[in-house]
1. If we keep just the residues of segment 328-365 that are open to solvent by 40 Å² or more (accessible area, probe 1.4 Å) and small (Gly, Ala, Ser), which is modelled with the lowest pLDDT?
2. Any idea which of Thr195, Thr186, Thr181 is free of Cβ contacts under 8 Å to residues at least 12 places away in the same chain and not charged (D, E, K, R)?
3. Do the conditions hold for Lys35, that is, is it modelled with pLDDT under 75, charged (D, E, K, R) and closer than 25 Å to Thr134 by Cα?
4. Inside segment 261-274, can you point out the residues that are surrounded by fewer than 21 Cβ atoms within 10 Å (Cβ to Cβ) and either hydroxyl-bearing (Ser, Thr, Tyr) or free of Cβ contacts under 8 Å to residues at least 40 places away in the same chain (or both)?
5. Just checking, which of Leu169, Leu161, Leu125, Leu184 is open to solvent by 20 Å² or more (accessible area, probe 1.4 Å), modelled with pLDDT of 95 or more, assigned to a helix (DSSP H, G or I) and of a type in the set (A, V, I, L, M, F, W, C)?
6. Would you be able to say whether some residue in segment 239-247 is without any contact (Cβ under 8 Å) to a residue 40 or more places away in the chain, surrounded by fewer than 20 Cβ atoms within 10 Å (Cβ to Cβ) and within 26 Å of Ser343 (Cβ to Cβ)?
7. How about segment 99-138: which of its residues are among the aromatic types (Phe, Trp, Tyr) and within 19 Å of Asp67 (Cα to Cα)?
8. Among the numbered criteria (1) open to solvent by 70 Å² or more (accessible area, probe 1.4 Å); (2) closer than 23 Å to Ala78 by Cβ; (3) modelled with pLDDT under 70, which single criterion is violated by Leu22?
Amino acid sequence: IKHYIKHYIKHYIKHSASIMKLTQQEQREQREVTKGLLYDLKDALSEEEEEEVASKPKSILPKLKTDSQPDVVMGLLAPNLFMAASSSSTSSNTTATDDDELHLTSKEALSILLFLATCDPHKYLIPASRAIKTFLVTVESGTSSTSSVTTTTTIEVSDELLQLMVQQLSGINVEVSSNATQALVTSCRIQPPSTLLASRALSAMRNAWQVAWDDDTQTKSSTTTICVRCVNAMVQVACLSEAMFAAPSSSTTTATILNDCLITAMLIHSKNDPLLQMSVMDLIERMATTMPMHPSRAQWLHSSMVVQPLLDMAGGGGGSGGESNENQTPDPILGGPALCLLSTILQKTSGNNTSNNNNNNSTTNTTHFL
């Protein structure tokens with residue numbers, strides 16, 4: 001029986017691979033068919049508000065599922081999601097062409113993606129997240145097998161698209177949330193600080209964190225998972241450059257966001273959840289070990305907001321005013337890791353712990369380590 005099962009599985013895998021493997025001509029033909037269906041879907045969605053054609057988009061969906069693979073569909077849509085307005089001003093009147101690319105405005109592409117992911121999330125959600133991540137990584141590397149992506153490609157992230165990517169951090173699919181994190185970080189790395197994308201992204205992620213943190217309907221495990229995803233993405237964006245860390249988000253700063261979410265809520269006020277506190281310390285360590293070290297980040301790592309809770313866990317925090325307290329003992333679980341983290345911060349930020357700001361209140365607090 002074992003031999004039969006093994007032989008059957010081997011034959012099935014080989015047969016499936018032969019079916020899935022398409023020649024270049026077949027791939028091109030499938031892309032052309034998919035392009036035509038996506039243009040039809042774009043037209044149907046643009047007319048959807050009219051009652052007599054409300055069902056037209058759904059009538060196209062079965063043929064799209066039958067004739068086109070999800071990866072092909074999302075691979076065609078992804079570049080258009082980030083199309084700059086100046087590059088897509090005439091796309092709304094575009095029909096299927098002989099070239100290999102799809103030509104839609106960002107709004108049109110996003111509308112199609114949302115329609116497909118809503119109608120059949122199991123089929124289209126993961127391919128959509130993969131396609132978006134892959135496109136951004138390709139743009140960053142400056143290499144592609146298609147003509148639409150070159151070293152001079154510029155992207156534009158609309159508020160609607162940014163919100164959609166941030167929403168995926170709260171989803172139940174681990175791969176989708178991971179792809180969303182990488183897409184958010186990569187898009188911030190591609191865009192120059194002058195575009196304020198990092199500020200918008202940090203603000204959106206902070207809002208998503210707040211919604212999850214205040215949601216009493218979720219289980220503790222779900223809340224913790226979503227909040228850690230959000231602050232993980234925030235930390236990665238903040239570590240990209242000095243400008244990213246110093247980027248103001250709405251009426252606040254990156255340091256304030258990290259203080260509120262990462263330190264106050266998830267480290268200081270979560271004493272009954274050592275696993276969450278450990279996750280926070282891992283993220284602080286990432287802030288300390290990501291190189292090159294930037295002045296604003298080093299200053300934040302040396303601030304009393306970060307140092308004091310770690311000293312308290314290590315047993316050397318003293319009283320509220322920092323007085324010596326011989327009776328204070330280390331936390332039995334987190335004391336050792338906290339002490340190691342303090343050592344890492346001091347080692348990795350050496351030489352970067354002085355603020356350029358003349359305001360004495362912004363001078364870093366290296367004396368806390370002593």
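The values are calculated or read from the model by the stated rules, or taken from the named source; none is laboratory data. Computed from a prediction, not measured in an experiment: that's the story for all the values here. Quick reminder, even Gly has a Cβ in these numbers, built from the backbone with ideal geometry, and neighbours come from all protein chains shown. When the accessible area is computed, the model is the full protein with side chains, heavy atoms only, and any ligands, DNA or RNA have been set aside. Shrake-Rupley method; radii C 1.70, N 1.55, O 1.52, S 1.80 Å.
1. Looking at residues that are open to solvent by 40 Å² or more (accessible area, probe 1.4 Å) and small (Gly, Ala, Ser), I get Gly351.
2. Just a single option satisfies the conditions, and that option is Thr195.
3. When the stated conditions are applied, Lys35 does not pass them.
4. Those that are surrounded by fewer than 21 Cβ atoms within 10 Å (Cβ to Cβ) and either hydroxyl-bearing (Ser, Thr, Tyr) or free of Cβ contacts under 8 Å to residues at least 40 places away in the same chain (or both): Thr264, His269, Ser270, Lys271, Asn272.
5. Criteria check complete, one pass: Leu125.
6. No; the residues of segment 239-247 include none that is without any contact (Cβ under 8 Å) to a residue 40 or more places away in the chain, surrounded by fewer than 20 Cβ atoms within 10 Å (Cβ to Cβ) and within 26 Å of Ser343 (Cβ to Cβ).
7. Result: Phe115, Tyr124.
8. (1)
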